[in-house]
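Notes for the one structure printed next.
The values are calculated or read from the model by the stated rules, or taken from the named source; none is laboratory data. All values reported here derive from a predicted model rather than from experimental measurement. Note that we place each Cβ from the backbone using ideal geometry, even for glycine, and neighbour counts take in every protein chain shown.
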Amino acid sequence: MARAALTSLLRHNYSKNNIFSRVKVRVFHSYQSPHSPPPWAFSNCPKSQLFDRSDYRAFAIGGFDYAQLGVLRLVSTLIGTGETLDEDCGRCDSGGIGGGECESRGDLRSFAVCDPVELYRELRGEEGSVKWRREDWDAVMEVFNAFGQSGWASSQALAIYIGTSFYPTAVRKFRSFFIKKCSNDLAEYVVSLGASEGCERFLFPLFAEFCLEEFPDEIKRFKGIVESADLTKPHTWFPFARAMKRKVVYHCGPTNSGKTYNALQRFMEAKKGVYCSPLRLLAMEVFDKVNALGVYCSLLTGQEKKMVPFSNHVACTVEMVSCEELYDVAVIDEIQMMADKSRGYAWTRALLGLKADEIHLCGDPSVLDIVRKICSNTGDELVEHHYERFKPLVVEAKTLLGDLRNVRAGDCVVAFSRREIFEAKLVIEKFTKHKCCVIYGALPPETRRQQANLFNDQGNEFDVLVASDAVGMGLNLNIRRVVFYSVSKYNGDKTVAVPASQVKQIAGRAGRRGSIYPDGLTTTLHLDDLHYLIRCLKKSYDSVKKVGLFPFFEQFELFAGQLADATFCQLLDKFGESCRLDGSFFLCQHDHVKKVARMLERIQGLTLEDRFNFCFAPVNIRDPKAMYHLLRFASSYSQNMPVSIAMGMPKGSARNDSELLDLETKHQVLSMYLWLSNHFKEETFPFAERAATMAANIAELLGESLTKANWKPETRGASNKKPQEKEADYKRPLSLIKVYEGKRKDKFRQGGSFKDGEVSA
């Protein structure tokens with residue numbers, strides 16, 4: 001019956017006029033309770049999809065029309081002649097308000113089924129007669145306060161192009177209008193609903209009509225902004241890739257399962273290929289390996305370009321891959337990084353945009369479902385290869401019992417802070433015969449590789465590795481056993497458990513086919529952490545629901561054209577507020593970019609593209625020295641002056657932790673200079689060759705410093721928070737140095753119900 005009424009209504013509208021607009025129609029069930037949402041209320045539709053119900057074309061009347069059998073018509077723009085339906089189509093069950101008088105104005109139920117358009121027009125034409133009692137006034141204020149804070153209502157308002165920043169202002173003006181114009185019966189009805197979901201759904205259509213009439217300029221402006229910040233359907237951004245019939249091969253498996261090896265074999269067999277790496281270090285490793293096997297391959301990262309003559313292959317970081325070149329085979333490593341909150345956009349761009357006949361994806365199963373969905377949208381063929389570890393990873397039930405003196409040759413002790421790494425190194429070297437190599441994220445790729453080679457070499461005394469989570473990818477290491485120093489880390493706000501996926505990635509580094517340690521073992525320093533380790537290893541991978549996106553500069557430039565007077569930082573905020581995304585994507589975090597943008601606001605003479613590039617430079621935003629040098633580079637560039645390095649070469653290796661930190665900072669500044677020289681004109685950064693030489697020398701000094709480091713660790717700077725402001729459950733780890741130097745007697749935590757010596761994970 002409802003469908004028949006809908007068909008009649010549409011036929012009626014098609015026959016009335018030749019001016020049409022795309023509107024949405026929804027059939028709903030009959031209305032029952034006066035305190036539940038009225039029939040024309042919206043369901044919880046996603047943000048920016050208010051109109052995505054059905055796709056009929058109907059006569060445009062600019063608002064909401066309620067038919068007797070339950071038809072909701074919603075129009076996003078005021079176009080057409082403004083005519084309404086014939087009177088015989090029925091406005092409300094009781095005769096309607098406005099055009100046809102309700103049989104009983106005193107019956108509050110009539111408001112629930114009235115046409116919102118007619119009710120709004122009646123409000124607009126009346127002068128309010130309410131003499132507010134104190135309790136009613138307070139109740140109405142509470143209703144509008146709740147409406148102004150409603151996430152549902154503010155999300156629905158986006159569909160009529162009322163932005164979240166303007167929404168509170170629009171609600172305040174609507175409240176003033178409503179209080180001034182409403183009748184006693186309407187006021188009584190709103191008070192009876194109270195600050196409820198039903199009241200929100202009653203008020204919103206009136207609010208929408210009010211906004212369409214009162215704020216046409218604001219709506220037009222925000223509509224232009226939203227359209228320029230449209231990130232929906234990102235697969236359409238790459239028409240040349242869509243014109244190809246691509247074959248996507250997903251190599252799905254855990255660490256040490258051979259998935260990347262098989263993908264690289266196809267890469268080397270191809271006439272022309274590209275390898276996309278998550279890290280400079282891994283790109284350098286593939287570059288060396290492929291050339292050593294007789295396949296000419298170039299290297300391209302943000303900091304360096306090594307173009308090998310006659311090469312048709314390139315190993316690059318994923319951010320640097322070209323979507324303009326045509327390849328036979330492309331390999332995208334660590335594809336699960338699509339879900340990374342900061343860098344995920346680079347993997348998404350590579351998957352959607354690479355012009356390659358074959359694209360090989362290497363990673364764990366977490367993004368397999370969403371890759372299937374993306375391939376369905378792009379029309380690409382998807383082939384899946386599933387892998388298992390060559391040998392299973394085994395959890396040792398006997399932990400180190402809290403004593404680092406129980407480490408053995410081939411162990412990798414994984415800690416999650418720089419301080420813990422150096423404390424563990426100092427304790428191991430002071431109380432055992434072992435020597436430690438060190439790897440953590442702040443070290444240059446060259447130094448990390450040097451430390452890895454030192455550890456892998458069996459002809460020296462460096463037989464233990466102490467590392468951060470940086471050991472999880474990018475290095476081939478001969479690890480016998482991974483020992484977790486802890487399974488929690490301080491993330492800047494509070495202590496959190498290390499995610500299961502990260503635990504699996506790190507633990508999986510133990511055991512390597514073809515090495516002296518083909519069998520992989522893992523355990524923890526403390527017995528209390530062992531159960532969490534086992535639980536993580538047994539846990540299946542969580543399926544990722546969304547992957548990252550970030551606008552290209554051209555998209556951002558189009559958006560900036562709508563807000564000519566906004567600063568770059570304001571543009572970033574506005575874009576995050578206004579952008580539209582499909583349900584499978586999220587906007588990558590850009591706090592790093594915003595912090596740099598705020599610092600650069602004081603510099604005049606930079607174009608929008610200049611600011612965009614400077615903000616993506618690889619700078620440690622927590623290091624004041626590094627930030628100072630970036631500011632200096634940008635200032636010189638804005639004045640059309642050659643950008644100098646203005647930094648001397650250290651005299652020798654570090655003698656203490658402060659000097660080691662200084663070496664790290666100097667290398668980061670030089671790395672930043674090299675990155676900028678590859679993203680701006682060469683003549684503006686004329687000392688790139690000198691910077692590369694200095695960076696290589698400092699990387700060597702860092703390696704020398706780490707091999708002889710025997711000092712207590714320092715930090716780059718104390719937290720801005722006072723101790724009492726830190727999370728209550730956070731406790732700074734007790735220094736192991738103090739524990740051992742205090743000649744503490746061994747009092748190990750005994751226990752455990754394991755009968756066998758090992759537990760298979």
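Of the residues making up segment 488-507, just one is in contact with a Ser or Thr (Cβ under 7 Å, 6 or more places away or on another chain) and buried (at least 23 other Cβ atoms within 10 Å of the Cβ), namely 507. Just one residue in the set 322, 311 is part of a loop (DSSP other than H, G, I, E, B), free of Cβ contacts under 8 Å to residues at least 60 places away in the same chain and either closer than 30 Å to residue 521 by Cα or under 27 Å from the mean Cα position of the chain (by Cα) (or both); that residue is 322. In a residue-by-residue description of segment 668-689, the property of being aromatic (Phe, Trp, Tyr) and over 28 Å from the mean Cα position of the chain (by Cα) applies to at least one position.
Can you confirm whether segment 706-716 contains a residue that is touching a residue at least 12 places away in the same chain (Cβ under 8 Å), of a type in the set (Phe, Trp, Tyr) and not in a helix (DSSP H, G or I)? Among the residues of segment 706-716, at least one is touching a residue at least 12 places away in the same chain (Cβ under 8 Å), of a type in the set (Phe, Trp, Tyr) and not in a helix (DSSP H, G or I), which makes the answer yes. For residue 201, are the conditions met, namely being in contact (Cβ under 8 Å) with a residue 40 or more places away in the chain, in the same structural domain as residue 125 (by TED's automatic domain parsing) and either within 30 Å of residue 381 (Cα to Cα) or crowded, with 20+ Cβ neighbours inside 10 Å (or both)? Judged against the criteria, residue 201 is a match.
Restricted to segment 243-270, and to residues there that are basic (Lys, Arg) and surrounded by fewer than 18 Cβ atoms within 10 Å (Cβ to Cβ), the residue that is farthest from residue 548 (Cα to Cα) is 266. Does residue 648 meet the test of being within 18 Å of residue 704 (Cα to Cα) and surrounded by fewer than 20 Cβ atoms within 10 Å (Cβ to Cβ)? No, not satisfied. For residue 475, the conditions (1) surrounded by fewer than 23 Cβ atoms within 10 Å (Cβ to Cβ); (2) in contact with an Asp or Glu (Cβ under 8 Å, 6 or more places away or on another chain); (3) within 15 Å of residue 285 (Cα to Cα) are fulfilled apart from (1).
Report, by residue number, each residue of segment 371-406 that is over 26 Å from residue 509 (Cβ atoms) and either of a type in the set (Asp, Glu) or touching a residue at least 24 places away in the same chain (Cβ under 8 Å) (or both). Those that are over 26 Å from residue 509 (Cβ atoms) and either of a type in the set (Asp, Glu) or touching a residue at least 24 places away in the same chain (Cβ under 8 Å) (or both): 373, 374, 375, 377, 378, 379, 380, 381, 382, 383. Where helices (runs of 4 or more DSSP H) sit wholly within segment 544-620, those with at least 1 residues that are modelled with pLDDT of 90 or more and either among the basic types (Lys, Arg) or in the same structural domain as residue 373 (by TED's automatic domain parsing) (or both) occupy 591-600, 608-615. Scan segment 579-607 and report the pairs whose first residue is under 26 Å from residue 155 (Cα atoms) and whose second residue is basic (Lys, Arg) and part of a helix (DSSP H, G or I), with Cβ atoms within less than 7 Å and a gap of 6+ or a chain change. Short answer, once both residue conditions are applied: 584/373. Among the residues of segment 398-436, those that are more than 17 Å from residue 657 (Cβ to Cβ), in contact with a Phe, Trp or Tyr (Cβ under 9 Å, 6 or more places away or on another chain), not in a loop (DSSP other than H, G, I, E, B) and not aliphatic (A, V, I, L, M) comprise 405, 412, 431, 435.
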